[in-house]
Amino acid sequence: MQLRYAFRLDPGPGQRTALARAFGCARVVYNDAIAARERAAGEAFPTAASLSKTLITEAKKTPERHWLGEVSAVVLQQSLRDVESAYRNFFASLKGARTGARVGAPRFKSRRDAQQAIRFTRNARWKITENGRLLLPKIGEVRVRWSRALPSIPSSVTVIRDAAGRFFASFVIETDPDADLARMPDTDQTVGVDLGLNHFAVLSDGTKVDSPRFLRRAEKKLKKAQRELSRKQKGSKNREKARLKVARAHARVADARREFHHQLSTKLIRENQAVAVEDLAVRALARTRLGKSVHDAGWSAFVAMLEYKAARYGRTFVKIGRFEPTSQVCSACGIKDGPKPLHVREWTCPACGTVHDRDHNAAKNIKAAGLAASACGAQVRPERVPAQRGEAGSHGIRTGASAA
């Protein structure tokens, strides 16, 4: 399985200038490739080889693009690969061959984009030095805030600058399946997870995980920072300082939420052989008056973490259909008592007289439905399938939690 391990970078002043130059050159090549594709509308698209020759090799010899030679050629080639991948996904989405949300046509990049990134493959001859620094071609040895050792030799590294002006190195790592399975031995426990807003998660064993509400707690500071930004003159240095202040405030909220998701998902995967959750209509719920709270909870990101960690560590992960009446069925006798308003948090079964906590009862039903979906309740181990390429993060920084 392939995962990404992200670590914070501390480039010096000269290295920041070199990275900014590399970001700009990669962006220009990307935009030139899109422009070349658009000029060929109605005709055969130029091949990757012809684009590479025209936009990189020959462009370096012109006065307008001679500065492309100041950065690694691998960075520019990877930018062309990104364009190819973007168009491939776009056409696959048009034909219906790609699952998920519909993908639009590639758009031009801007120097004002919130995130800038460049990628170095093995051909770039980058390496991690003996003193623990990241040596990048035409950039130099960049200091890395290592928080743990990499489990294997990375196949590539992506250098990212986010909206808050922070730099990160994201390594693509191939994990060892045997080591992953040995890290988390089998267990006979199973759990159903009911996600909500009053409590972030209620487990089938009765455990209730409070919702941290990271955005709500930071809302006062965010409003103040945003108000100060709106009062600054556009284009001024003070406005840029205020923008960075807002971006850093939002980054702290996102980092804290991601850390919480990683810790809880790892705990559930470590302690249970099978995990069942309900497939929530997050996009539809986000359009309601509870939209801000739904986004603050981050259910989709949490469920995605559970899914790839279950695949990595040999656990069973089951999604229950969103139309399953988990809140209407008595987990004791199985009678369906009909829908109930959200303000009803407890109810008594008319058939057996059992008093139910709404969320706990739903978690029990989710667990039962998940066991029924996985070989009729038998404890099974899933096949070793690749997990999604999510950011694994690292312990010592606030950019992301442990992949665990």
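The values are calculated or read from the model by the stated rules, or taken from the named source; none is laboratory data. Nothing here was measured: the structure is a model prediction, and the numbers come from that model. When we count neighbours, we look across all protein chains shown, and the Cβ atoms used for this are built from the backbone with ideal geometry, even at glycine.
Worth pointing out:
- Residues being within 21 Å of the chain's Cα centre (by Cα) and within 30 Å of H250 (Cα to Cα) - total across region 90-106: 6
- The condition (being surrounded by 12 or more Cβ atoms within 10 Å (Cβ to Cβ), assigned by TED's automatic domain parsing to the domain that holds P137 and not in a helix (DSSP H, G or I)) is satisfied by just one residue among K109, K60, K53: K109.
- Total residues in region 274-294, condition surrounded by 15 or more Cβ atoms within 10 Å (Cβ to Cβ), touching a residue at least 12 places away in the same chain (Cβ under 8 Å) and either touching a strand residue (DSSP E or B) at 6+ places or on another chain (Cβ under 6 Å) or assigned to a helix (DSSP H, G or I) (or both): 8
- Residues that are among the aromatic types (F, W, Y) and more than 30 Å from A218 (Cα to Cα) within region 296-322 comprise Y313, F317, listed in sequence order.
- Pairs, first of a type outside the set (S, T, Y) in region 43-66, second in a loop (DSSP other than H, G, I, E, B), C-beta under 7 Å, six or more apart: P46/A40; A59/R65
- K319 vs. criteria assigned to a strand (DSSP E or B) and either surrounded by 18 or more Cβ atoms within 10 Å (Cβ to Cβ) or in contact (Cβ under 8 Å) with a residue 40 or more places away in the chain (or both): yes
- Hey, D82 assigned by TED's automatic domain parsing to the domain that holds L135, in contact with a helix residue (DSSP H, G or I) (Cβ under 9 Å, 6 or more places away or on another chain) and among the acidic types (D, E) or not: yes
- Some residue of region 13-29 being more than 20 Å from R112 (Cβ to Cβ) and over 28 Å from the mean Cα position of the chain (by Cα): yes
- So E84, is it surrounded by fewer than 19 Cβ atoms within 10 Å (Cβ to Cβ) and assigned to a helix (DSSP H, G or I): yes
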